[in-house]
Structure formats: structure tokens, C-alpha cells
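I have placed the structure first, in the form of C-alpha cells, so that the comments after it can refer back to it.
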Amino acid sequence: GEHLRICPQGYTCCTSEMEENFANKSRSEFEAMMKEAGRSVQATLTAQHRSFDSYFQDLLNKSEKALYDAFPSMYGELYTQNMKVFKDLYNELRRYYRSSNINLEEALNEFWTRLLERLFKLMNPQYHITDEYLDCMVKHAEQHKPFGEVPRDLKVKATRAFIAARSYAQGFLVGSDVVKKVSQVSLSHECTRAVMKLMYCPHCRGMSSVRPCNNYCLNVVKGCLANQADLNTEWKYLMDSLIVVADRIDGPYNVDTVIGTIHMRIAEAISNLQENKDSITAKVFQGCGNPKISTKGSISEDKKRRGKVTLEAKSSAQALEMLVLDAKGNLTALKTYWITLPSSLCSKKVMASSASDDKCWNGMTKGSYLPEVMGDGLANQINNPEVEVDITKPDMTIRQQIMQLKIMTNRLGNANIGNDVDFQDTSDDMSGSGSGDSCPDDVCGKRLSKSPSTRQPETHAIPKQSGHGVNGASSRSLPSASLLLLLLVAVIAPQHLWR
């Protein structure tokens with residue numbers, strides 16, 4: 001066996017060509033093992049995303065349908081002449097949830113403004129109301145509160161619910177994408193040799209039925225997956241973050257209650273306006289002056305309102321509870337995926353022998369394996385006896401995925417306290433997003449930003465990291481040109497977001 005370059009050079013059944021073929025075979029098989037293990041995790045995360053996404057979209061659809069079914073008989077022309085206003089609102093809500101670059105609070109404010117302008121004109125048809133007059137009326141609207149407390153209350157609750165729901169859904173997709181990208185990282189030359197020696201060198205020694213020693217297998221796989229194991233910390237934080245936000249979605253920010261009753265809150269707001277029409281009109285006239293009388297005549301407001309229809313919300317709270325419970329169970333099970341992967345591959349794929357077996361393949365012959373098992377991660381491979389690992393050269397693809405996990409965890413941390421973060425905005429006056437100053441401290445926790453913005457881009461620069469908390473005021477993103485430098489810094493001195 002002097003011609004052998006990887007296997008022990010004793011008497012052998014292998015030619016050089018056979019050894020090379022075994023090396024190629026072991027490489028492709030090991031990479032296939034990684035992808036198969038990754039696909040299982042991807043399938044779990046994708047299924048959780050699909051279940052929640054379907055549930056959330058269904059809530060929104062049912063609310064919109066309930067509005068379209070009930071409002072014509074409730075409000076007559078007040079509804080039929082303003083259908084587009086309602087449709088635009090639901091379209092904006094869907095676009096925000098799908099990660100479009102939309103300021104959710106502004107979208108809600110715009111809806112109430114447009115609705116007020118339309119309804120004010122319809123309820124005062126005897127007057128000629130110009131656009132300039134409407135502008136004046138809108139300026140006084142906050143003071144007069146024509147819709148009562150509904151706009152403010154809905155903005156607080158809907159913003160928190162949508163931020164939590166969107167971040168929650170995105171978290172599953174980011175996790176799945178990270179697994180996909182990491183599972184495709186190819187085996188290094190040193191690892192190809194080590195895996196070949198582990199899996200096929202027994203064949204060259206006429207020991208094809210002898211299984212590899214378990215600790216020997218662990219050292220080979222831990223050395224080859226050292227970079228992957230470094231995902232563990234941030235991966236665990238992502239899983240924990242998703243679990244916490246899941247509790248918010250089924251708790252303080254209950255999407256079933258908030259999203260499923262949007263149509264009811266709108267009806268409540270319109271009723272407030274109708275019931276206080278005279279006093280609100282008088283206040284507007286006092287502040288903006290009396291508009292000119294219209295020559296078109298008037299239509300009695302009483303004829304427009306066709307009677308009262310009772311609106312109901314069909315609760316699916318039990319379905320939401322089951323979704324959250326299922327998700328939390330799966331997320332908990334996935335927490336240790338990256339550090340248990342070597343053991344899983346050795347026991348299930350490589351079919352290694354038991355740890356105490358003294359008649360297993362130890363890399364040289366049939367016997368016991370004496371070296372100790374290395375720890376997890378790149379730094380612990382400096383003395384790995386089976387794989388030569390350069391601990392000064394981390395895999396950049398995996399480091400980038402670690403950064404993606406940090407970014408998503410940061411977003412979930414903000415969502416947990418009712419805030420959204422715009423990672424793309426690099427200006428000094430934008431520092432995150434929120435649900436407004438109306439969010440109670442006992443629910444939302446520490447306020448992240450005094451100038452909230454709910455804009456959410458689809459691509460992100462890297463947010464600043466500060467200690468163990470999430471601070472919206474320091475979450476301004478850095479220029480994307482600094483990405484490589486930050487990734488390298490993250491390797492040396494990572495600072496974890498939102499513990």
C-alpha cells in the first residue's frame with residue numbers, strides 16, 4: 001500500500017484509482033448527508049411559516065369580507081361611494097405584512113383622513129365643501145376626534161399585531177434560508193481526506209464490515225462542521241426569539257382579536273361620527289368658517305343609513321393556540337440542531353460503532369479509539385487529531401449567515417416590544433419604528449424610539465449592536481460597504497442582540 005495517499009500504507013485491497021474513487025464517493029455522500037439533514041429542518045420551518053401565513057391571511061380576508069357583506073345595508077351610500085377607501089386599507093395591510101416598504105402608521109392615518117373627508121362631504125351635502133376646506137377640517141380632526149378613540153386604539157393594537165406577525169413569519173423563512181445556504185457549503189480538501197479515511201479506508205484493509213469508532217467519527221465530523229457549529233449561539237437566540245414572539249401573538253398582541261375585528265372597529269368609528277355629527281360639524285364650522293351653500297340640493301342623511309346590522313367576529317382563538325403550541329414544540333426541538341448534527345450524522349448516517357467498542361475502525365486498524373472528543377466550533381479544533389483545521393480562516397458564507405441570524409433576532413426583539421426596525425435607513429433622524437407613544441409601558445416594555453417609523457425594506461444593512469438589549473435609538477444601520485469588516489469583527493468579538 002505504499003501507493004496510497006490517504007489510507008494507511010499497509011497491505012491493501014485498493015489501487016490508487018480505487019482510493020481516488022472512494023475519496024470522491026465519500027465527499028459526495030457526506031455533502032448529501034448534510035443537505036438531507038438540512039432539508040428536514042427546512043421542511044419543519046417552512047411548514048410552520050405556511051401554517052401561520054395561511055391563518056393570518058385568512059383572518060384578514062374574513063374581516064374584509066365581513067365588511068363588504070354588512071356595510072352596504074348598514075350605511076348605504078356612505079359605504080358604496082367609499083368602497084375604494086376600504087379596499088385600499090386592506091390592500092395596504094396585506095402589502096405591509098408581505099414586507100413591502102410601507103409605513104403602517106401612515107397608512108392607517110391616511111385611511112382615517114380619506115374616510116373623514118368623504119363622510120363629512122356626504123353628511124353635509126347641502127354645502128359646497130372644497131379641497132381647501134377639507135384640509136382645514138383635517139387639521140382640526142385630532143382635536144375634535146370625530147371617530148372617537150377608535151383610530152388611536154386601532155393604530156396601537158394593529159401596529160403591534162402586524163409587526164409581530166410579520167417578523168414572526170419572516171423569522172421562519174430566514175431560519176430556513178440559513179439552513180439551506182449552510183447545508184450547501186462544500187467540503188474542504190482536508191475534510192475530504194478525513195471523511196474518506198473514516199468511511200472507506202476499512203474497505204482497503206479488507207474490513208468492510210467493521211464500523212467506525214463513534215468518537216473517531218465525532219472528531220472527523222466536528223472538525224469538518226466546525227464552522228457550522230459556530231451558528232449554534234445565534235441560531236438558539238433566533239429559536240428563543242420566535243418562541244417569545246409566538247407568545248405575544250397569542251397573548252398581548254393577539255392577532256385573532258385585533259386583525260379579526262378590524263371591520264368592527266371601523267363600523268364603531270363611523271357610528272361615533274354619525275352620532276356626533278352635529279357637534280363635530282359645528283366645531284369644524286367654528287374653526288374653518290361656514291362653507292357655501294350647495295346649489296345641488298341635499299339628501300337626507302337618514303335615508304342613507306339603512307338600519308343597523310350586528311357585526312360579529314368569528315373567533316379562531318383555539319386554532320391560533322394550537323398553531324403557537326405546535327410552533328413552540330418544533331422550535332424547541334431545533335434549538336441544538338447545529339451542535340447535535342455531528343452525533344446525528346455519526347449514529348444515523350455513518351453508522352458508527354458504540355463509544356465503548358474496542359473492535360471498531362479507529363483510522364488505522366480494528367481496535368479502540370483513544371483520543372478525546374473535541375469540543376464544538378472552530379476554536380476547539382486547534383488540536384483535532386483527525387482533521388487539519390485552520391481556525392484563523394472562518395468560512396465567510398457561514399459568517400454571513402450568522403449575521404443574518406443576528407439581524408432577524410434583533411427584529412424579533414423589537415417586535416416583542418411593539419417596535420419595528422428599518423435596517424436600510426442610514427439617516428440620523430430615523431432610528432427604528434414603533435406603535436406610537438400610546439403603547440402602554442406594562443405591555444410594550446421600554447420605549448425604543450420617540451420618532452416611530454414602520455417602514456420595512458426587503459434588504460437590510462447591518463444594525464448596530466449594543467450590549468444585551470435592543471435599543472431602537474441605536475439601531476440605525478451602517479453603510480453596506482462596511483459589511484465585510486463587520487463580518488470579520490463579528491468573528492472576533494460578537495455582541496449578541498436581545499438576549
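The values are calculated or read from the model by the stated rules, or taken from the named source; none is laboratory data. Nothing here was measured: the structure is a model prediction, and the numbers come from that model. Don't worry about glycine lacking a Cβ; one is built from the backbone with ideal geometry, like all the others, and counts go over all protein chains shown. SASA here: full protein model, heavy atoms, side chains in, ligands and nucleic acids out. Shrake-Rupley method; radii C 1.70, N 1.55, O 1.52, S 1.80 Å.
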Given the candidates Leu116, Ser51, Tyr79, the one whose Cα lies deepest towards the positive end of the charge dipole of region 30-140, counting +1 at each Lys or Arg C-beta and -1 at each Asp or Glu C-beta, is Ser51
Might you work out the accessible area of Glu106 for me, using a 1.4 Å probe with all protein chains in place, and round it to the nearest 10 Å²?
-> 120 Å²
Output row, site Cys13, 7 Å Cα→C-beta label point, backbone N cut-off 18 Å, window region 353-389, residues 360-367
Mind ranking His144, His203 by accessible surface for me, highest first, 1.4 Å probe?
-> His203, His144
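Under 1.5 on a/c is rounded, so check that first for region 377-421, then, if it is not, pick prolate when a/b is larger than b/c and oblate when it is not; a ≥ b ≥ c are the square roots of the alpha carbon gyration tensor eigenvalues. Walk me through the intermediate numbers first.
Numbers: a/c = 6.06, a/b = 3.41, b/c = 1.78.
Prolate.
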Quick one: if you stick a label point 7 Å off each Cα along the C-beta vector at Asn276 and Lys292, how many nm between them?
-> 3.1 nm
Give the long-range amide H neighbours of Tyr127: residues separated by 5 or more places, or on another chain, with amide H under 5 Å away, using H modelled in the peptide plane at 1.01 Å from N.
-> Ser294
Just tell me which aspartates and glutamates come within less than 16 Å, Cα to Cα, of Lys348; anything on the same chain fewer than 8 places away is out.
-> Glu29, Glu31, Glu36
In whole Hz, the Karplus estimates of ³J(HN,Hα) for region 411-417 (6.51, -1.76, 1.60; θ = phi - 60°; x where Gly or Pro) are 5, 5, x, 5, 4, 4, 10
What is the spin-label model distance, in nm, from Leu370 to Arg50 if the labels are put 7 Å beyond Cα along the C-beta direction?
-> 5.3 nm
Using alpha-carbon positions, the gyration tensor of region 72-134 gives root eigenvalues a ≥ b ≥ c; with a/c under 1.5 called rounded, otherwise prolate if a/b exceeds b/c, else oblate, the class is oblate
With all protein chains modelled, accessible area of Ile339 [1.4 Å, Å²] | 50 Å²
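Where nothing but the Cβ of Lys and Arg (+1) and of Asp and Glu (-1) is charged, how large is the charge dipole of region 33-113 around its Cα centre, in debye to the nearest 20?
On the way: 10 positive and 11 negative charges, 93 e Å.
So the dipole magnitude of region 33-113 works out to roughly 440 debye.
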What order do you get for 2-15, 182-195 when each peptide is scored by the mean count of other beta carbon atoms within 10 Å, highest first?
-> 182-195, 2-15
